[in-house]
Ligand SMILES: [Zn+2]
């Protein structure tokens, strides 16, 4: 995958992200480009559990759930991620994600871009022991640390690649404990027919727990979900701003929405 195709890959993602608005508009809405510092400050204040709306918005089975259920799953999955962070760090006697990866027999590589993919990815775990951290995105994000506001909010100790690695390590932990871990044992019954039935995992639970796991290992106060905005910003501040608005809306904070559809407002 080249730099150009990686950039181009953002387009279908953006269309997917803003798909709902697309139903009633001919054009995807344009968003006011916001300062990364302002967005991170707001997002860092959202309590981890309050990210449930955003977390489930990426879940294929989301339409089957009620908000009460989403919130309960959010709490359980976050707790599961934190619990396993303690368990694994205790087992290997380290909180360093690179050392953990080594102890767990992971083969970690740092290519610039994904080889081939139809969606944007910043990191990836492949069964049984391969983790890739894509460095083009990481380097772009690290450049943003030159802004004092970014450094203050995320803390200067935050290493983006280590955060991504921690998240991916959870997926490996999940494989190892798949017969007992909550994110794998919790299932939803899709259909029943006589004695037959079909149960499915809920992907969002794994992602939420991986965020809880990463947050615990990195010792950060904010939810790693804000990294979606931070990493997209390196490629497109406008897409990142749109994503920010979506996240804020899911967290129930609506008053910050400034959509650039009113031209007279823009010219003021
Ligand atoms: Zn993941």
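The values are calculated or read from the model by the stated rules, or taken from the named source; none is laboratory data. Note that the coordinates shown come from a computational prediction; the quantities given were computed from them, not determined experimentally. Reconstructed Cβ throughout: ideal geometry from the backbone, glycine too, with neighbour counts over all protein chains shown.
Give the residue, chosen from 114, 48, that is in contact (Cβ under 8 Å) with a residue 60 or more places away in the chain, within 16 Å of the ligand (Cβ to nearest atom) and out of contact with any helix residue (DSSP H, G or I) (no Cβ under 7 Å at 6 or more places or on another chain). Break it down stepwise before answering.
Details: 48 fails: out of contact with any helix residue (DSSP H, G or I) (no Cβ under 7 Å at 6 or more places or on another chain).
Only one candidate passes the filter, namely 114.
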>> Being surrounded by fewer than 18 Cβ atoms within 10 Å (Cβ to Cβ) and either at pLDDT below 95 or in contact with a helix residue (DSSP H, G or I) (Cβ under 7 Å, 6 or more places away or on another chain) (or both) is the filter here; which residues of the stretch 163-183 pass it?
In response: 178
>> Being in a strand (DSSP E or B) and under 21 Å from the mean Cα position of the chain (by Cα): is that true of residue 59 here?
In response: no
> What is the residue count in the stretch 155-181 for residues that are in contact with a strand residue (DSSP E or B) (Cβ under 9 Å, 6 or more places away or on another chain), under 23 Å from residue 60 (Cβ atoms) and more than 12 Å from the ligand (Cβ to nearest atom)?
Replying inline: 1
>> Can you say whether residue 85 is within 16 Å of the ligand (Cβ to nearest atom), within 21 Å of residue 180 (Cα to Cα), in a helix (DSSP H, G or I) and at pLDDT 95 or above, as far as the supplied structure shows?
In response: yes
>> Any residue at all in the stretch 135-154 that's more than 28 Å from residue 232 (Cα to Cα), part of a helix (DSSP H, G or I), within 16 Å of the ligand (Cβ to nearest atom) and touching a helix residue (DSSP H, G or I) at 6+ places or on another chain (Cβ under 9 Å)?
In response: no
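Please go through the stretch 191-202 and give me each residue that is exposed (fewer than 15 other Cβ atoms within 10 Å of the Cβ) and in contact (Cβ under 8 Å) with a residue 12 or more places away in the chain, ordered by number.
If the condition is that a residue be exposed (fewer than 15 other Cβ atoms within 10 Å of the Cβ) and in contact (Cβ under 8 Å) with a residue 12 or more places away in the chain, then 199, 200 are the ones that fit.
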>> Taking the conditions exactly as written (closer than 22 Å to residue 235 by Cα and surrounded by 17 or more Cβ atoms within 10 Å (Cβ to Cβ)), does residue 120 satisfy them or not?
In response: yes
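If I filter the stretch 182-204 down to residues being in a helix (DSSP H, G or I) and more than 11 Å from the ligand (Cβ to nearest atom), which single residue comes out as nearest to residue 72 (Cα to Cα)? Can you show your working first?
Let us first name the residues in the stretch 182-204 that are in a helix (DSSP H, G or I), namely 182-185, 203-204.
Cutting the leftovers down to more than 11 Å from the ligand (Cβ to nearest atom) gives us 182, 184-185.
Values: 182: 13, 184: 16, 185: 16 Å.
Only one residue fits best here, namely 182.
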